[in-house]
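A quick write-up on the structure given underneath.
The values are calculated or read from the model by the stated rules, or taken from the named source; none is laboratory data. Keep in mind that what you see is a predicted model, and the values were worked out from it rather than measured. Neighbour counts run over all protein chains shown; Cβ positions are idealised from the backbone, glycine included. Calculation scope for accessible area: heavy atoms of the full protein, side chains included, ligands and nucleic acids excluded. Shrake-Rupley method; radii C 1.70, N 1.55, O 1.52, S 1.80 Å.
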Amino acid sequence: QVQLVESGGGLVQPGGSLRLSCAASGNIFSIYSMGWYRQAPGKQRELVARIISGGSTNYADSVKGRFTISKDNGKNTMYLQMNSLKPEDTAVYYCTTTVITRASMSPTDYWGRGTQVTISS
């Protein structure tokens, strides 16, 4: 019912920047929150950043001051601007959203397929 399409991943050198995008589409009545998680090889999936419908945000301590999450409400699209990237930021980044669909009228979580981010010289 809801599709999330991520884009913007790739390979960059340490210190570089990337901008991830996540577009939500489908039978959406309203979006409560959108966020990014990441999972590195051999590690658990962890929250990177999250933005609530009112605009409040929260970040993992490891990315504070380097990453910025934002959202274009008109396009149901979320962005993650990642600056000063480090090798330890290497992971698959997953978009997630909590939405209320017109079908259920109750909050439901959806996940994207993920986009690879590799930081290496």
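For segment 71-83, how many residues are in contact (Cβ under 8 Å) with a residue 60 or more places away in the chain, assigned to a strand (DSSP E or B) and either open to solvent by 40 Å² or more (accessible area, probe 1.4 Å) or aromatic (Phe, Trp, Tyr) (or both)? Write out each step before concluding.
We begin by selecting, within segment 71-83, every residue in contact (Cβ under 8 Å) with a residue 60 or more places away in the chain; these are 79-83.
From the residues that got through so far, the ones that are assigned to a strand (DSSP E or B) too are 79-82.
Imposing the further condition that a residue be either open to solvent by 40 Å² or more (accessible area, probe 1.4 Å) or aromatic (Phe, Trp, Tyr) (or both) reduces the set to 79, 81.
Residues meeting the conditions: 2.
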Of the candidates Gly35, Gly54, the one satisfying the condition of being small (Gly, Ala, Ser) and farther than 15 Å from Cys95 by Cα is Gly54
When every residue in segment 107-120 that is modelled with pLDDT of 95 or more and hydroxyl-bearing (Ser, Thr, Tyr) is compared, the one least open to solvent (accessible area, probe 1.4 Å) is Thr115
Counted residues in segment 27-51 being open to solvent by 30 Å² or more (accessible area, probe 1.4 Å), modelled with pLDDT under 95 and closer than 26 Å to Ile100 by Cβ come to 4
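Only one of Thr115, Thr101 is β-branched (Val, Ile, Thr) and under 11 Å from the mean Cα position of the chain (by Cα). Can you tell me which? Before you say what the answer is, go through the steps one by one.
Details: Thr101 fails: under 11 Å from the mean Cα position of the chain (by Cα).
One residue alone meets the criteria, Thr115.
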Every listed condition ((1) in contact with a helix residue (DSSP H, G or I) (Cβ under 9 Å, 6 or more places away or on another chain); (2) in a strand (DSSP E or B)) holds for Val5 save (1)
Subset of segment 84-104, residues in a loop (DSSP other than H, G, I, E, B) and in contact with a strand residue (DSSP E or B) (Cβ under 7 Å, 6 or more places away or on another chain), comes to Leu85, Lys86, Thr90, Arg102
When segment 1-25 is checked residue by residue, the ones that are open to solvent by 50 Å² or more (accessible area, probe 1.4 Å), more than 11 Å from the chain's Cα centre (by Cα) and within 19 Å of Thr101 (Cβ to Cβ) are Gln1, Gln3, Ser25
field: Filter result for Tyr59 (out of contact with any helix residue (DSSP H, G or I) (no Cβ under 8 Å at 6 or more places or on another chain), open to solvent by less than 60 Å² (accessible area, probe 1.4 Å) and closer than 14 Å to Leu4 by Cα)
entry: no
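Give the residues of segment 87-106 that are out of contact with any helix residue (DSSP H, G or I) (no Cβ under 8 Å at 6 or more places or on another chain), surrounded by 14 or more Cβ atoms within 10 Å (Cβ to Cβ) and not aromatic (Phe, Trp, Tyr), sorted by residue number.
Step one: list which residues in segment 87-106 are out of contact with any helix residue (DSSP H, G or I) (no Cβ under 8 Å at 6 or more places or on another chain), which gives 87, 90-106.
Within this subset, residues satisfying the condition of being surrounded by 14 or more Cβ atoms within 10 Å (Cβ to Cβ) are 90-101.
Of everything in segment 87-106, those that are out of contact with any helix residue (DSSP H, G or I) (no Cβ under 8 Å at 6 or more places or on another chain), surrounded by 14 or more Cβ atoms within 10 Å (Cβ to Cβ) and not aromatic (Phe, Trp, Tyr) turn out to be Thr90, Ala91, Val92, Cys95, Thr96, Thr97, Thr98, Val99, Ile100, Thr101.
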